[in-house]
1. For ALA89, only one of the following conditions fails: (1) surrounded by 14 or more Cβ atoms within 10 Å (Cβ to Cβ); (2) of a type outside the set (D, E, K, R); (3) modelled with pLDDT of 95 or more. What is its number?
2. So how many residues does the stretch 173-206 have that are under 16 Å from GLU74 (Cβ atoms) and touching a Lys or Arg at 6+ places or on another chain (Cβ under 7 Å)?
3. Determine the pairs where a residue that is among the aromatic types (Phe, Trp, Tyr), located within the stretch 279-300, has a partner that is surrounded by fewer than 13 Cβ atoms within 10 Å (Cβ to Cβ) with Cβ atoms under 6 Å apart, the partner being 6 or more residues away or on another chain.
4. Within the stretch 283-300, identify whether any single residue is surrounded by 13 or more Cβ atoms within 10 Å (Cβ to Cβ) and within 30 Å of GLU74 (Cβ to Cβ), and answer yes or no.
5. Return the residues of the stretch 63-103 that are part of a helix (DSSP H, G or I) and more than 23 Å from ASN133 (Cα to Cα); say none if nothing qualifies.
6. Select from the stretch 237-265 the residues that are buried (at least 17 other Cβ atoms within 10 Å of the Cβ) and part of a helix (DSSP H, G or I) and list them in ascending order.
7. Tell me which residues, restricted to the stretch 273-303, are among the hydrophobic types (A, V, I, L, M, F, W, C), part of a helix (DSSP H, G or I) and either outside the structural domain of ASP334 (by TED's automatic domain parsing) or under 24 Å from SER232 (Cβ atoms) (or both).
Amino acid sequence: MTRAASTSRAPRLIALSSAALLTLGLAACSSDAPAEESTSAAGFEPIVIEHALGTTTIESKPERVATVQWANHEVPLALGVVPVGMAAANFGDDDGDGLLPWVDEKLEELGAETPVLFDETDGIDFEAVADTNPDVILAAYSGLTQEDYDTLSEIAPVVAFPETAWGTSWRDMIHLNAEAMGMADEGDALVTELEDEITEKAAAYPQLEGTSAMFLTHVDTTDLSQVSFYTSHDTRAMFFEDIGLTTPESIATATASTDLFALTQSAEQADAFSDVDLIVTYGGDELVTALEADPLLSQVPAVANGSIVNLPGTSPLGTAANPTPLSISWILDDYLELLGAAADNAK
(Lines give C-alpha, C1' and ligand atoms only; values in the text may rest on other atoms or scores of the structure.)
Protein backbone atom coordinates (compact mmCIF):
# COMPACT_ATOMS: atom_id res chain seq x y z
CA MET A 1 0.00 0.00 0.00
CA THR A 2 2.93 2.25 0.57
CA ARG A 3 4.02 2.00 -3.03
CA ALA A 4 0.57 2.95 -4.26
CA ALA A 5 0.54 5.96 -1.97
CA SER A 6 3.95 6.97 -3.24
CA THR A 7 2.81 6.97 -6.83
CA SER A 8 -0.47 8.80 -6.34
CA ARG A 9 0.90 11.59 -4.22
CA ALA A 10 4.19 12.24 -5.98
CA PRO A 11 2.88 14.83 -8.49
CA ARG A 12 1.30 16.92 -5.75
CA LEU A 13 4.47 16.75 -3.68
CA ILE A 14 6.58 17.85 -6.61
CA ALA A 15 4.27 20.81 -7.07
CA LEU A 16 4.45 21.61 -3.37
CA SER A 17 8.21 21.36 -3.48
CA SER A 18 8.44 23.68 -6.47
CA ALA A 19 6.18 26.25 -4.84
CA ALA A 20 8.19 26.10 -1.65
CA LEU A 21 11.42 26.63 -3.55
CA LEU A 22 9.93 29.61 -5.39
CA THR A 23 8.77 31.14 -2.12
CA LEU A 24 12.16 30.62 -0.54
CA GLY A 25 13.87 32.10 -3.58
CA LEU A 26 11.73 35.25 -3.47
CA ALA A 27 12.34 35.61 0.26
CA ALA A 28 16.08 35.29 -0.23
CA CYS A 29 16.05 38.03 -2.86
CA SER A 30 14.01 40.46 -0.76
CA SER A 31 15.88 43.66 0.10
CA ASP A 32 14.04 43.72 3.43
CA ALA A 33 15.80 40.59 4.70
CA PRO A 34 18.39 41.38 7.40
CA ALA A 35 21.96 40.84 6.25
CA GLU A 36 22.75 38.56 9.20
CA GLU A 37 20.14 36.00 8.07
CA SER A 38 22.09 35.20 4.93
CA THR A 39 25.21 34.46 6.96
CA SER A 40 23.57 32.62 9.90
CA ALA A 41 24.78 29.25 8.61
CA ALA A 42 28.14 30.51 7.34
CA GLY A 43 30.06 28.15 9.63
CA PHE A 44 28.12 25.04 8.65
CA GLU A 45 29.91 22.49 6.49
CA PRO A 46 27.57 20.64 4.09
CA ILE A 47 26.95 17.06 5.18
CA VAL A 48 27.05 14.19 2.68
CA ILE A 49 25.64 10.85 3.82
CA GLU A 50 25.68 7.70 1.70
CA HIS A 51 23.05 5.05 2.40
CA ALA A 52 21.37 2.10 0.74
CA LEU A 53 19.00 4.23 -1.35
CA GLY A 54 21.35 6.96 -2.53
CA THR A 55 23.46 9.88 -1.37
CA THR A 56 21.99 12.73 0.64
CA THR A 57 23.50 16.19 0.90
CA ILE A 58 22.39 18.57 3.64
CA GLU A 59 23.48 22.08 2.73
CA SER A 60 22.58 23.94 5.93
CA LYS A 61 21.96 23.20 9.59
CA PRO A 62 18.47 21.70 9.87
CA GLU A 63 16.12 23.59 12.14
CA ARG A 64 12.94 21.61 11.46
CA VAL A 65 13.45 17.87 11.84
CA ALA A 66 10.86 15.30 10.80
CA THR A 67 11.15 11.54 11.19
CA VAL A 68 9.32 8.62 9.64
CA GLN A 69 8.96 4.95 10.54
CA TRP A 70 10.02 3.31 13.77
CA ALA A 71 11.92 5.13 16.56
CA ASN A 72 13.93 7.60 14.48
CA HIS A 73 12.37 10.45 16.47
CA GLU A 74 14.10 9.15 19.58
CA VAL A 75 17.47 10.41 18.34
CA PRO A 76 16.58 14.11 18.16
CA LEU A 77 14.57 13.82 21.39
CA ALA A 78 17.52 12.22 23.18
CA LEU A 79 19.65 15.13 21.95
CA GLY A 80 17.14 17.71 23.16
CA VAL A 81 15.53 18.47 19.79
CA VAL A 82 11.76 18.12 19.41
CA PRO A 83 10.76 16.95 15.90
CA VAL A 84 8.12 18.87 13.98
CA GLY A 85 6.55 15.54 13.07
CA MET A 86 7.12 11.85 13.72
CA ALA A 87 5.44 8.47 13.29
CA ALA A 88 2.75 7.56 15.80
CA ALA A 89 3.45 4.37 17.74
CA ASN A 90 1.42 1.53 16.26
CA PHE A 91 2.85 -1.26 18.41
CA GLY A 92 3.21 -1.39 22.20
CA ASP A 93 1.19 1.78 22.74
CA ASP A 94 -0.81 0.64 25.77
CA ASP A 95 -2.78 3.85 26.29
CA GLY A 96 -3.55 4.67 22.66
CA ASP A 97 -2.05 8.17 22.60
CA GLY A 98 0.42 7.37 19.80
CA LEU A 99 3.41 7.65 22.14
CA LEU A 100 5.46 4.95 23.80
CA PRO A 101 6.06 5.68 27.50
CA TRP A 102 9.74 6.55 27.19
CA VAL A 103 8.91 9.05 24.44
CA ASP A 104 6.12 10.55 26.53
CA GLU A 105 8.50 10.91 29.48
CA LYS A 106 11.14 12.60 27.33
CA LEU A 107 8.67 15.12 25.90
CA GLU A 108 7.56 15.93 29.44
CA GLU A 109 11.19 16.30 30.53
CA LEU A 110 11.79 18.73 27.67
CA GLY A 111 8.59 20.62 28.47
CA ALA A 112 7.42 20.03 24.90
CA GLU A 113 4.06 19.51 23.29
CA THR A 114 3.46 16.32 21.32
CA PRO A 115 4.68 16.83 17.74
CA VAL A 116 2.50 16.11 14.72
CA LEU A 117 2.00 12.34 14.68
CA PHE A 118 2.03 10.66 11.28
CA ASP A 119 -0.40 7.74 10.95
CA GLU A 120 1.62 5.04 9.19
CA THR A 121 -0.95 2.27 9.50
CA ASP A 122 -1.20 2.11 5.70
CA GLY A 123 2.29 3.39 4.91
CA ILE A 124 3.95 6.79 5.06
CA ASP A 125 1.59 9.75 4.94
CA PHE A 126 3.61 11.87 2.53
CA GLU A 127 1.22 14.80 2.59
CA ALA A 128 1.32 14.98 6.39
CA VAL A 129 5.12 14.94 6.29
CA ALA A 130 5.15 17.73 3.67
CA ASP A 131 2.78 19.80 5.79
CA THR A 132 5.35 19.96 8.61
CA ASN A 133 7.78 21.72 6.23
CA PRO A 134 10.90 19.88 7.43
CA ASP A 135 14.52 20.74 6.64
CA VAL A 136 15.54 17.08 6.95
CA ILE A 137 13.75 13.73 7.25
CA LEU A 138 15.38 11.07 9.42
CA ALA A 139 14.84 7.37 8.58
CA ALA A 140 18.13 5.66 9.38
CA TYR A 141 16.19 2.78 10.95
CA SER A 142 13.48 1.95 8.46
CA GLY A 143 12.23 -0.18 5.64
CA LEU A 144 11.87 2.61 3.06
CA THR A 145 11.47 1.50 -0.53
CA GLN A 146 13.26 3.37 -3.28
CA GLU A 147 9.92 4.88 -4.23
CA ASP A 148 9.30 6.01 -0.65
CA TYR A 149 12.72 7.60 -0.56
CA ASP A 150 12.32 9.36 -3.90
CA THR A 151 8.94 10.78 -2.88
CA LEU A 152 10.18 11.96 0.52
CA SER A 153 13.21 13.53 -1.17
CA GLU A 154 10.83 15.88 -2.99
CA ILE A 155 10.01 17.29 0.45
CA ALA A 156 13.45 17.49 2.11
CA PRO A 157 16.78 15.64 2.26
CA VAL A 158 16.24 12.11 3.55
CA VAL A 159 18.60 9.80 5.41
CA ALA A 160 17.70 6.13 4.82
CA PHE A 161 19.11 2.91 6.26
CA PRO A 162 22.80 2.27 5.55
CA GLU A 163 22.61 -1.34 4.29
CA THR A 164 19.66 -3.55 5.24
CA ALA A 165 16.01 -2.61 5.62
CA TRP A 166 15.10 -2.76 9.32
CA GLY A 167 18.66 -3.86 10.06
CA THR A 168 20.21 -0.65 11.41
CA SER A 169 21.72 -1.08 14.86
CA TRP A 170 20.77 1.39 17.58
CA ARG A 171 24.33 2.77 17.39
CA ASP A 172 24.12 3.44 13.65
CA MET A 173 20.62 4.87 14.03
CA ILE A 174 22.04 7.42 16.44
CA HIS A 175 25.20 8.11 14.42
CA LEU A 176 23.42 8.64 11.09
CA ASN A 177 20.43 10.60 12.36
CA ALA A 178 22.60 12.80 14.59
CA GLU A 179 25.02 13.46 11.72
CA ALA A 180 22.12 14.51 9.49
CA MET A 181 21.10 17.03 12.16
CA GLY A 182 24.60 18.49 12.30
CA MET A 183 25.04 16.95 15.76
CA ALA A 184 27.55 14.16 15.10
CA ASP A 185 29.59 14.84 18.26
CA GLU A 186 26.48 14.83 20.41
CA GLY A 187 25.44 11.54 18.81
CA ASP A 188 28.82 9.99 19.57
CA ALA A 189 28.50 11.06 23.19
CA LEU A 190 25.02 9.53 23.45
CA VAL A 191 26.28 6.20 22.09
CA THR A 192 29.12 6.17 24.62
CA GLU A 193 26.73 6.98 27.45
CA LEU A 194 24.40 4.11 26.53
CA GLU A 195 27.28 1.67 26.02
CA ASP A 196 28.60 2.49 29.49
CA GLU A 197 25.15 1.97 31.02
CA ILE A 198 24.70 -1.39 29.28
CA THR A 199 28.16 -2.60 30.32
CA GLU A 200 27.65 -1.57 33.94
CA LYS A 201 24.23 -3.18 34.33
CA ALA A 202 25.00 -6.36 32.36
CA ALA A 203 28.00 -6.98 34.63
CA ALA A 204 25.54 -7.90 37.38
CA TYR A 205 24.43 -10.91 35.30
CA PRO A 206 27.58 -12.96 34.59
CA GLN A 207 25.43 -15.99 33.72
CA LEU A 208 24.58 -14.28 30.42
CA GLU A 209 28.19 -14.32 29.24
CA GLY A 210 28.59 -16.99 26.57
CA THR A 211 24.97 -18.18 26.70
CA SER A 212 23.59 -18.60 23.16
CA ALA A 213 20.21 -17.02 22.45
CA MET A 214 17.69 -16.82 19.64
CA PHE A 215 14.63 -14.60 19.29
CA LEU A 216 11.51 -16.34 17.99
CA THR A 217 8.97 -14.12 16.27
CA HIS A 218 5.30 -14.29 17.17
CA VAL A 219 4.45 -18.00 17.39
CA ASP A 220 1.10 -19.52 16.39
CA THR A 221 0.46 -22.07 19.14
CA THR A 222 -2.20 -23.77 16.98
CA ASP A 223 0.32 -24.57 14.24
CA LEU A 224 3.88 -25.36 15.29
CA SER A 225 4.81 -27.01 12.00
CA GLN A 226 6.97 -23.98 11.29
CA VAL A 227 8.96 -21.63 13.48
CA SER A 228 10.02 -18.11 12.59
CA PHE A 229 12.99 -16.34 14.09
CA TYR A 230 14.87 -13.08 13.82
CA THR A 231 18.19 -13.27 12.03
CA SER A 232 21.36 -11.53 13.13
CA HIS A 233 20.31 -8.62 10.92
CA ASP A 234 17.51 -7.77 13.33
CA THR A 235 18.19 -5.31 16.11
CA ARG A 236 16.62 -7.56 18.77
CA ALA A 237 19.15 -10.28 18.01
CA MET A 238 21.98 -7.73 17.70
CA PHE A 239 21.24 -6.50 21.21
CA PHE A 240 21.94 -9.95 22.65
CA GLU A 241 25.64 -9.47 22.05
CA ASP A 242 25.59 -6.05 23.72
CA ILE A 243 24.58 -7.70 26.97
CA GLY A 244 26.90 -10.71 26.80
CA LEU A 245 24.78 -13.33 25.04
CA THR A 246 26.12 -15.02 21.92
CA THR A 247 24.62 -15.86 18.53
CA PRO A 248 24.11 -19.62 17.99
CA GLU A 249 25.99 -21.01 15.03
CA SER A 250 22.67 -22.19 13.58
CA ILE A 251 21.37 -18.60 13.46
CA ALA A 252 24.66 -17.22 12.15
CA THR A 253 24.70 -19.79 9.34
CA ALA A 254 21.10 -19.05 8.35
CA THR A 255 21.78 -15.32 8.41
CA ALA A 256 24.86 -15.55 6.19
CA SER A 257 22.80 -16.37 3.10
CA THR A 258 20.17 -13.61 3.40
CA ASP A 259 19.67 -9.93 4.10
CA LEU A 260 16.23 -10.56 5.61
CA PHE A 261 15.62 -9.72 9.26
CA ALA A 262 13.46 -12.84 9.84
CA LEU A 263 13.29 -16.37 8.49
CA THR A 264 10.94 -19.37 8.81
CA GLN A 265 12.04 -22.97 9.21
CA SER A 266 10.16 -26.28 9.34
CA ALA A 267 9.81 -27.75 12.83
CA GLU A 268 11.04 -31.02 11.32
CA GLN A 269 14.45 -29.33 11.22
CA ALA A 270 14.28 -28.29 14.86
CA ASP A 271 17.43 -30.27 15.56
CA ALA A 272 19.29 -27.46 13.78
CA PHE A 273 18.67 -25.40 16.93
CA SER A 274 20.47 -27.86 19.20
CA ASP A 275 22.95 -25.07 19.98
CA VAL A 276 20.31 -22.68 21.39
CA ASP A 277 20.60 -22.27 25.16
CA LEU A 278 18.00 -19.53 25.60
CA ILE A 279 14.94 -18.35 23.70
CA VAL A 280 13.25 -14.95 23.80
CA THR A 281 9.83 -14.66 22.22
CA TYR A 282 6.47 -12.92 22.41
CA GLY A 283 3.64 -14.72 24.14
CA GLY A 284 2.35 -16.07 27.42
CA ASP A 285 2.29 -19.26 29.47
CA GLU A 286 0.25 -21.01 26.77
CA LEU A 287 3.16 -20.54 24.34
CA VAL A 288 5.66 -22.15 26.70
CA THR A 289 3.23 -25.02 27.33
CA ALA A 290 2.81 -25.55 23.56
CA LEU A 291 6.55 -25.58 22.92
CA GLU A 292 7.18 -28.01 25.75
CA ALA A 293 4.44 -30.33 24.50
CA ASP A 294 5.62 -30.36 20.89
CA PRO A 295 7.58 -33.58 20.15
CA LEU A 296 10.09 -31.77 17.93
CA LEU A 297 10.52 -28.31 19.42
CA SER A 298 10.68 -29.67 22.97
CA GLN A 299 14.08 -31.13 22.06
CA VAL A 300 15.65 -27.68 21.62
CA PRO A 301 17.86 -27.24 24.73
CA ALA A 302 16.30 -23.88 25.59
CA VAL A 303 12.83 -25.46 25.62
CA ALA A 304 13.91 -28.61 27.43
CA ASN A 305 15.57 -26.55 30.19
CA GLY A 306 12.79 -24.01 30.52
CA SER A 307 15.13 -21.23 29.43
CA ILE A 308 12.45 -19.12 27.77
CA VAL A 309 11.71 -15.42 28.17
CA ASN A 310 8.18 -14.84 26.87
CA LEU A 311 7.54 -11.12 26.56
CA PRO A 312 4.06 -9.58 26.33
CA GLY A 313 4.22 -8.62 22.67
CA THR A 314 1.75 -5.75 22.66
CA SER A 315 3.06 -4.03 25.79
CA PRO A 316 5.89 -1.50 26.18
CA LEU A 317 8.00 -4.25 27.79
CA GLY A 318 7.82 -6.42 24.69
CA THR A 319 8.30 -3.46 22.37
CA ALA A 320 11.44 -2.30 24.14
CA ALA A 321 13.23 -5.58 23.42
CA ASN A 322 13.90 -3.86 20.09
CA PRO A 323 16.54 -1.44 21.42
CA THR A 324 16.17 2.25 20.64
CA PRO A 325 17.91 5.34 22.02
CA LEU A 326 15.29 6.05 24.68
CA SER A 327 13.94 2.56 25.36
CA ILE A 328 17.29 1.03 26.36
CA SER A 329 17.49 2.83 29.69
CA TRP A 330 13.75 2.38 30.23
CA ILE A 331 13.79 -1.43 29.82
CA LEU A 332 17.31 -2.55 30.70
CA ASP A 333 16.87 -3.49 34.37
CA ASP A 334 13.69 -5.51 33.77
CA TYR A 335 15.01 -7.15 30.61
CA LEU A 336 18.29 -8.21 32.20
CA GLU A 337 16.44 -9.68 35.18
CA LEU A 338 14.27 -11.83 32.89
CA LEU A 339 17.24 -12.93 30.79
CA GLY A 340 19.33 -13.68 33.86
CA ALA A 341 16.64 -15.97 35.31
CA ALA A 342 16.34 -17.84 31.98
CA ALA A 343 20.11 -18.16 31.69
CA ASP A 344 20.24 -19.70 35.17
CA ASN A 345 18.07 -22.54 33.85
CA ALA A 346 20.38 -23.00 30.87
CA LYS A 347 23.44 -23.71 33.01
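1. With respect to (1) surrounded by 14 or more Cβ atoms within 10 Å (Cβ to Cβ); (2) of a type outside the set (D, E, K, R); (3) modelled with pLDDT of 95 or more, ALA89 is out only on (3).
2. Number satisfying all stated conditions: 1.
3. Short answer, once both residue conditions are applied: TYR282/HIS218.
4. yes
5. The initial filter retains those residues of the stretch 63-103 that are part of a helix (DSSP H, G or I), namely 74-78, 101-103.
Across the stretch 63-103, the qualifying residues are PRO101, TRP102.
6. ALA237, MET238, PHE239, PHE240, ASP242, SER250, ILE251, ALA254, THR255 - these are the residues of the stretch 237-265 that are buried (at least 17 other Cβ atoms within 10 Å of the Cβ) and part of a helix (DSSP H, G or I).
7. Going through the stretch 273-303, the residues among the hydrophobic types (A, V, I, L, M, F, W, C) turn out to be 273, 276, 278-280, 287-288, 290-291, 293, 296-297, 300, 302-303.
If we keep only those that are part of a helix (DSSP H, G or I) too, we end up with 273, 287-288, 290-291, 293, 297, 302-303.
PHE273, LEU287, LEU291, LEU297, ALA302, VAL303 - these are the residues of the stretch 273-303 that are among the hydrophobic types (A, V, I, L, M, F, W, C), part of a helix (DSSP H, G or I) and either outside the structural domain of ASP334 (by TED's automatic domain parsing) or under 24 Å from SER232 (Cβ atoms) (or both).
Residue by residue, here is whether (1) of a type in the set (Gly, Ala, Ser); (2) within 27 Å of ASP271 (Cβ to Cβ); (3) more than 28 Å from the chain's Cα centre (by Cα) holds:
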| residue | (1), (2), (3) |
| --- | --- |
| VAL288 | no, yes, no |
| SER298 | yes, yes, yes |
| ALA304 | yes, yes, yes |
| ALA320 | yes, no, no |
| TRP330 | no, no, no |
| ALA346 | yes, yes, yes |
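The values are calculated or read from the model by the stated rules, or taken from the named source; none is laboratory data. Everything quoted here is computed from the prediction, not taken from an experiment. Note: ideal-geometry Cβ built from the backbone for every residue, glycine included; neighbour counts use all protein chains shown.
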